[in-house]
Each structure stands twice: as C-alpha cells, then as structure tokens.
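Before any comments, here is the structure.
Read-outs: derived from the displayed coordinates by stated rules, not from any lab. Since the structure is predicted, the reported quantities are computational estimates derived from the model, not experimental observations. Don't worry about glycine lacking a Cβ; one is built from the backbone with ideal geometry, like all the others, and counts go over all protein chains shown.
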Amino acid sequence: MYTALETSDVSLPLHKKFYVYILFSYKDNGLYIGYTIDLRNRLVEHARGRVDATKLRRPLLLIHYEYFIDSVDAKAREKYLKSGYGREQLKNFVKRTLKILLKNI
C-alpha cells in the first residue's frame, strides 16, 4: 500500500503531459474547453489574443484543468466535455466556481 508521501512526489519524466483545460470568459460568462501539450504557453497565447476562438472573449480565467499521459485519452476527454452531455456535466461540476465568478461580476 502506498502512503500519501510516497505518491505525492511521483514524477513521470519519461511521459509527456497532455492537458484539457477550461477557461471562463469574463466578457460573455461562457466557458472555453481546450487541449494542449504546453498549458503555460497556451494560457499566455489566450491572454495575448493569439487564439482566434477566444481573442474576442477576453479576459479569461483558468478554472479547471486535467492532465493525461496519453494524448488519445486527453483528446477523448476534450471531445466529451464539448459534447452536450459532457458540457452539462462540466457546468454541474464547476457550478460553485461559476456562482462565485458570476456573483463578483
């Protein structure tokens, strides 16, 4: 059995990370779901208006992300979250976060 200490420092140096992320738009109160292999750089691109899908929806806030060690799994998760049922579940999953954000606008 593993302890929290043993598993908290697990690193996967041989594996790439593939990210699925959720952005909140302060402009239209909507969500954007994306996929990338470099989350930090992708967020900078969004912030600077270099992503066509979000450049008119800024400012944006990262409200959730997940990472995978397999690109197929990550792309499948992104596709699911963009589906009708997946988007509904996502909104339910982050409903408290959205309530806080919408309250502060």
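The set of residues in the range 12-50 being polar (S, T, N, Q), surrounded by 15 or more Cβ atoms within 10 Å (Cβ to Cβ) and either more than 20 Å from T97 (Cβ to Cβ) or in contact with a helix residue (DSSP H, G or I) (Cβ under 9 Å, 6 or more places away or on another chain) (or both) consists of T36 alone. Taken over the range 55-85, the criterion of being over 13 Å from Y32 (Cα atoms) and without any contact (Cβ under 8 Å) to a residue 12 or more places away in the chain is satisfied by V72, A76, Y80, G84, Y85. Please tell me if A53 is in contact with a Phe, Trp or Tyr (Cβ under 9 Å, 6 or more places away or on another chain), of a type outside the set (S, T, Y) and exposed (fewer than 14 other Cβ atoms within 10 Å of the Cβ). Criteria met by A53. On the stretch given as the range 64-105, residues that are of a type outside the set (S, T, Y), over 17 Å from F18 (Cα atoms) and outside any helix (DSSP H, G or I) total 3. Quick one: in the range 28-56, which of the residues that are outside any helix (DSSP H, G or I) and of a type in the set (G, A, S) is nearest to K75 (Cα to Cα)? Filtering first and then ranking leaves G34.
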